[in-house]
Every structure is written in C-alpha cells, then in structure tokens.
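Written below as structure tokens is the structure these notes are about.
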C-alpha cells in the first residue's frame, strides 16, 4: 500500500517538473520573438525617420543598401586597376645567337649600331681559339644595353649586319617591387626628419646617443632603397640584349615550308658535303698540331716491333709444325710407358 503511494507521488512530481520545463521554454521563445520584433520595429523606425537622400539613420551612423555599396565599390576597383596599369614597370630582355663569315666586319657594324642608338656594351668577350685553331672559328659574347624606346629598332636592325640563328625575348614587370621600395623610401625619409627634429630638442646624453644610432640605421636603409630604385630605373630605362656571335665557314640556313623535294635534297646533300670537308679539315689541323707527338709515337712503335721479332723464341712458328711436335711427344710418352710395363713383368 505504502509502496504504491510512493510510486504515485514520484510520478506526479515528474509530471509537474515536465510541465514546468515546457512552460519555461515557451516563455523564453516568446521573449526572444518579442525582442526580435522590437529590434525590427526600431530598425524600420530609424530608417524611416532618416531624411531622404541624407544617407544617415537616426543613430547618426551612415546607412547604405547593398546596391549602393556595390556601386560605391565599383569605382574603387576600376581606380585600382587604372593605378596598376599606370604603374607598370617593364624590363625587356633578349637572347640572340648570330653567325657571320667575317667576324671583324660584323663586330665593327654591331659596335656602330649600338653607339648610334645611344647604348653601350656592359660585357664583351672574344675567343679566337687556341694553337690548333684554323683561325676561322672565332666566338664572341656580348651584353648590350640599349634605351628601352630603341629596343625594337635594335633587334630589327641587327639582322642587317649578321645572320640571326635564334632570338628569345622576355618581359618582366617590376612595378610592384618598384613602388614598394619607393613607398618604403618615403616612409624612411619622413622618419629621418622626425628623428632629426627630436635630436635638435634632446638634452640628455643617453637620448642623443640613441637618436644618433637610429639616424645612422635609418640613413643606411635610405641609401639601400635609393640604390634599389636606381637599379630598377636602369633596368627599365635600358633594355638588355645578350648576344653570342660566331664566325663560321657557311651560314646555317632555315627550313622553308614551300621548298620542294629536289631542292631540299640538293640543299641537304650540299650541307652534308660541307660538313664532311669541315671534319677532314679539323683532322688535318689536329694532326699538324700534334705532328711531333705522332712522329715520336710512330718511332717507338717501329722499334718495339723490331725488338719483338728479334727476340721471339720461334721465329718461323706454324700451326702444322706445332701439331706434329705434339704427336711426336705423345708417341714418345706412350713408348716409355710400354717399356716400363715390360720391365715390371
């Protein structure tokens, strides 16, 4: 009986707690909905109370719709694009491989062309070959700097003086690096002015020493960024052309798509004969260069052959005589064995 009453009380308590929890959750949801409605009403009141075209709400903050914000952001993006286009710093570089049959003439014409365009040679190296060279294989390597506005003119005019085998061109934009260094330099100069003003008003010796150290470090950074900008200006103002000039016996011709079978066959045959003649010439020049060493080697070989023939044990050696001698030794050995067998008996 008492056990049944205890269970009833526990069940009633559980039902009461469940009802209380549901009541609390319903009250919190209604309160949150009321707060949301109040906020919505307040927001609509603030926007409605603002003056038309003023762009400001009742709380004094600037208000813009999404469409207006997009229209306001569009001019900034286009302006940034225009600024990037205006601030482009292009560095032009080219690699040229040239051939000529007269090296001295081609080099003089190349020098005259560079001087006429207002450029200069940044690097020059000429290799005329060693002692074994025939004097026709001369190689030159040059680094030419020409004004950027004369870059295309130089590349198109070089073909008049030399035969252009290959041409590689590249363009690099250093605008971001340039204006980053320029911004840093302006910031450092402003910092230098402030440090100088502080140094003029400083009285304590410790402050003076610290300011002088800061000024020295700032001046070092200013000099470094100034040198960087000067180098960038030089790269932009003067284009770089790396040239390799080679003197050859025959200029290498290009392949013409419109060339027929027989003209192509004749050209290949002519080039093959030319390469064969060049190879023979190289062999002859190599032998002429190593003539003394080859003569000494030939003498040593002749002496060695004579000594070998003189001291060879069997001068008239033949395979048939060797076979006959082998049979004789076998027969002699068999006779000796038969004789020993008889003696044992």
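Every number in this text was worked out from the coordinates using simple rules, so none of it is lab data. The structure displayed is predicted, hence computed values, not measured ones. Glycine also receives a Cβ, built like all others from the backbone with ideal geometry; neighbour counts cover every protein chain displayed.
Numbers for the structure displayed
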| quantity | calculated |
| --- | --- |
| FRET efficiency, 1/(1 + (r/R0)^6) with R0 45 Å, evaluated for residue 180 and residue 204 via beta carbons | 0.75 |
| Proxy reagent accessibility, fewest Cβ within 10 Å first, across 162, 307 | 307, 162 |
| Nearest-0.05 FRET efficiency for residue 189 and residue 160, computed from C-beta distance (R0 56 Å) | 0.70 |
| Least to most buried among 341, 196 (fewest other Cβ within 10 Å first) | 341, 196 |
| Cα Rg, Dmax, the range 87-174, angstrom units | 14.7, 55 |
| Extended-chain gain in nm, criterion 0.36 nm per residue less alpha-carbon gap, residue 87 and residue 335 | 78.0 nm |
| Förster radius 30 Å - calculated FRET efficiency between residue 167 and residue 220, Cβ distance, rounded to 0.05 | 0.10 |
| Per-residue Cβ neighbour rank within 10 angstrom, fewest leading, 137, 201 | 201, 137 |
